1. Going from the alpha-carbon gyration tensor of the chain, what semi-axes, largest first and in whole Å, does one get by taking the root of 5 times each eigenvalue?
2. At a 10 Å Cβ-Cβ cut-off, how would you order 61, 72, 48, fewest neighbours first?
3. Using unit Cβ charges (K, R positive; D, E negative) and no other charged atoms, how large, in debye to the nearest 20, is the dipole of the chain about its Cα centre?
4. Label the stretch 57-111 by shape, choosing from rounded, prolate and oblate, from the square roots a ≥ b ≥ c of the eigenvalues of the Cα gyration tensor; if a/c is under 1.5 it is rounded, and otherwise prolate applies when a/b is larger than b/c, oblate when it is not.
Amino acid sequence: MVTGQETPWFRELYDRLMEYARRDCYGDVLLSWLPKARDAVSHLSEFRQFFLPTVKTDDFRFSLWNLYALSRVNDFLLLPFQHGGNEAWKGPQVTPEQYVTFFEEIGFTTS
């Protein structure tokens with residue numbers, strides 16, 4: 001495992017999405033971040049196991065925080081698909097196909 005100094009931090013992607021104010025979030029932000037996202041996900045392989053390590057090192061904690069930041073990116077990208085509120089989402093949007101493609105491109109699978 002590598003440390004936070006060497007691994008891309010999904011918090012950076014989350015911040016870019018939060019600041020983005022144009023129309024092509026997928027093309028402008030997600031596509032340009034794909035190499036970093038692939039690298040970051042490659043360092044999360046320990047979370048593919050059913051049982052996590054019992055010894056929690058600093059590297060493990062960094063990976064856990066990075067996984068949490070990725071979950072926040074996921075939540076942010078899902079916001080436009082939620083219904084039931086009085087106000088429509090006015091932030092950056094991706095299509096369902098772009099959402100799936102981004103996560104498949106960084107190593108996730110769909111069923």
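1. Largest first, the chain gives 27, 15, 14 Å.
2. Details: 61 11, 72 15, 48 7.
In increasing order of surrounding Cβ atoms, one gets 48, 61, 72.
3. The calculated dipole for the chain is roughly 140 debye.
4. oblate
Read-outs throughout are calculated quantities, based only on the coordinates presented, and are distinct from any laboratory measurement. What you see is a predicted model, and the numbers here were worked out from it, not measured in a lab. Backbone-built Cβ (ideal geometry, glycine too); neighbour counts: all protein chains shown.
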